[in-house]
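The values are calculated or read from the model by the stated rules, or taken from the named source; none is laboratory data. All figures in this text were calculated on a predicted structure; none of them were measured in a lab. So basically every Cβ, Gly included, is an ideal-geometry build from the backbone, and we count neighbours across all protein chains shown. Just the protein is used for accessible areas: all its heavy atoms, side chains included, with ligands, DNA and RNA removed. Shrake-Rupley method; radii C 1.70, N 1.55, O 1.52, S 1.80 Å.
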Amino acid sequence: MPSGVPREELLPELKEFGEKVRRERLKRSLTQEKVAERAGIALRTLQKIESGQINILITTARRLREALGAKWNDLL
């Protein structure tokens, strides 16, 4: 990745996914801590996902979907 270029400019899909995760979490009045606990991931990992800073495995996306009680089309 070129230095000095914000990650979200390179991978807008990550930012969009993170925004959808955050929207679904807030819609259900869940804290980041609660979703991270339910999904079995670290709080900091969820924070990075919601801010579009990291790419995740499909298995992590599935765990997030289940933790949120969301449908795939709510997140993708």
Put Thr60, Thr31 in order of accessible area, largest first, probe 1.4 Å, and you get Thr31, Thr60
Rounding to the nearest 10 and keeping the result within 0 to 90°, find how far the Cα-based axis of helix 12-27 lies from the longest principal axis of the chain.
30 degrees
What is region 29-76's relative contact order, in percent, from Cα pairs under 8 angstrom and six or more apart in sequence?
36 percent
Starting from region 26-76, pick out the trypsin sites (Lys or Arg not before Pro) whose DSSP state is loop and whose Cβ has at most 11 other Cβ atoms within 10 Å.
Lys71
If you roll a 1.4 Å probe over the heavy atoms of the protein chains, what accessible area per residue do you get for the chain, in Å²?
64 Å²
Among Gly18, Gly52, Gly40, which one shows the biggest mean-square fluctuation in a GNM of the chain, springs joining Cα atoms closer than 10 Å?
Gly40
One-quarter of the Cα convex hull surface for the chain, in nm²?
4.8 nm²
Karplus-derived HN-Hα couplings along region 41-48 (A = 6.51, B = -1.76, C = 1.60, θ = phi - 60°), whole Hz, x at Gly and Pro
10, 5, 4, 4, 5, 4, 4, 5
Straight-line reach from Lys71: which lysines fall under 20 Å, measuring Cα to Cα and dropping same-chain residues less than 8 apart?
Lys15, Lys20, Lys27, Lys34
